[in-house]
1. Inspect all residues belonging to the range 75-89 and state whether any of them is outside any helix (DSSP H, G or I) and in contact (Cβ under 8 Å) with a residue 24 or more places away in the chain.
2. Testing Ala80 on (1) in contact with a Cys (Cβ under 6 Å, 6 or more places away or on another chain); (2) over 16 Å from Glu158 (Cβ atoms), one condition comes back false. Which one is that?
3. For the range 39-56, check the following and say yes or no: at least one residue is within 13 Å of the ligand (Cβ to nearest atom) and not in a helix (DSSP H, G or I).
4. Spot the failing condition for Lys59; the list is (1) out of contact with any Pro (no Cβ under 9 Å at 6 or more places or on another chain); (2) in a helix (DSSP H, G or I); (3) within 21 Å of Arg34 (Cβ to Cβ); (4) within 16 Å of the ligand (Cβ to nearest atom), and only one is missed.
5. Being charged (D, E, K, R), surrounded by 14 or more Cβ atoms within 10 Å (Cβ to Cβ) and either at positive phi or within 20 Å of the chain's Cα centre (by Cα) (or both) is the filter here; which residues of the range 283-310 pass it?
6. Can you pull out every residue in the range 33-56 that is surrounded by 13 or more Cβ atoms within 10 Å (Cβ to Cβ) and either of a type in the set (D, E, K, R) or closer than 17 Å to Arg109 by Cβ (or both)?
7. Give the residues of the range 121-154 that are under 18 Å from the mean Cα position of the chain (by Cα) and among the acidic types (Asp, Glu), sorted by residue number.
8. Return yes when Met103 is in contact (Cβ under 8 Å) with a residue 24 or more places away in the chain and surrounded by fewer than 17 Cβ atoms within 10 Å (Cβ to Cβ) and no when it is not.
Amino acid sequence: MKIPFQHSAACRTAMDLKSYLKERRDLIDRTMNRLVPREQDYPEKLHSAMRYSLFSGGKRLRPVLTLAGCEAVGGVMEHALPAACALEMIHTYSLIHDDLPAMDNDDMRRGMASNHKAFGEAVAVLAGDALLTHAFYVIADSASSPIQDGKRLQMVREIAAAAGCMGMVGGQTVDILSEGKDTVDLPILEYIHTHKTGALIRTAVRVGAIVGGADKREMQDLTEYGEKIGLAFQITDDLLDLLGDEKRLGKQVGSDLKKGEKTYPAAYGIQESKNRARELMESALDALSRFDDRADPLREIARYMVERIN
Ligand code: GRG
């Protein structure tokens, strides 16, 4: 059964996007609640730690992108739900590990104590490991969605590449190794951004397109869209770390600067970074020019990526 996007052509205002995002977030949360072991399941501490971070109020951007990518090519949005939830589990694992003392050493995440502050370092490492592994279990488990094995394999391959040494972990490694260096090497900055954050965002869109049965051209356009918004998202994140509101962000601002992290504003300045984020958003919209109003949610999300305040 195909569920059409309710707001479609009318998804023009921030308010429409807000209700669209809320509806999708609720659906994603209900599905994740079903897909992840309960807190009372043994070992309780591990499942509690996994759920603590998973249900701590993230924006759910990656899974929403997967659902919207599937809809844009006329697919059945519900079929993309397990893969969408798997991407959120991988994202959550990365945040738990990123907050650890050995990495960014952050006490707060999403307005709450970070996982290791709440559960201790050992359990936080294991909760992250378990979320990453469980994500692949969810995708591979045929009971969780009715999609063909070929598509399932393609998704496993894509997500593993985006999350691992060729993607997010590679980007995080280069980021950590470059901390504290005086000069900002632009190709390195680009590598960090496209791998640490961009790879998973790009893949979130592509996975939705795979489930939805995109043809080659649609896949190319959506890949370009994903790449542009991934970079726009990261530049905006860097700007928010300098200019954002701590309460809305749920974490300390200025931490990139303090840690000597390589950021876009540090390399190009604030105004140039804002311009660059806008250009990327426009290019992302251009990449969708061949799509009809079923891609409206993707269009609104691209705008939101540079206008967001948290
Ligand atoms: C530890 C392997 C490993 C990777 C960590 C993603 C990441 C790599 C680190 C997060 C550090 C960070 C703040 C990166 C900037 C962009 C980013 C991923 C922000 C957080 O994502 P949002 O804004 O978070 O989508 P929510 O909380 O809304 O889910």
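1. Start the filter on the range 75-89 by keeping residues that are outside any helix (DSSP H, G or I), which leaves 75-76.
Checking the rest, the ones that are also in contact (Cβ under 8 Å) with a residue 24 or more places away in the chain come to 75-76.
Yes: the range 75-89 contains one or more residues that are outside any helix (DSSP H, G or I) and in contact (Cβ under 8 Å) with a residue 24 or more places away in the chain.
2. Only one criterion in (1) in contact with a Cys (Cβ under 6 Å, 6 or more places away or on another chain); (2) over 16 Å from Glu158 (Cβ atoms) is unmet by Ala80, namely (2).
3. Taking every residue of the range 39-56 in turn, at least one turns out to be within 13 Å of the ligand (Cβ to nearest atom) and not in a helix (DSSP H, G or I).
4. (2)
5. Asp296, Arg299, Glu300, Arg303, Arg308
6. Taking the range 33-56 and keeping what is surrounded by 13 or more Cβ atoms within 10 Å (Cβ to Cβ), we get 33, 35-37, 39, 45-56.
Hits for the range 33-56 are Glu39, Lys45, Ser48, Ala49, Met50, Arg51, Tyr52, Ser53, Leu54, Phe55, Ser56.
7. The one that is under 18 Å from the mean Cα position of the chain (by Cα) and among the acidic types (Asp, Glu): Asp129.
8. On the way: in contact (Cβ under 8 Å) with a residue 24 or more places away in the chain: yes; surrounded by fewer than 17 Cβ atoms within 10 Å (Cβ to Cβ): yes.
Yes, satisfied.
Bear in mind these aren't lab numbers, they're just calculated from the coordinates by the rules spelled out. Values in this document were obtained by computation on a predicted structure and should not be read as measured data. As a convention, Cβ positions derive from the backbone with ideal geometry for all residues, glycine included, and neighbour counts pool all protein chains shown.
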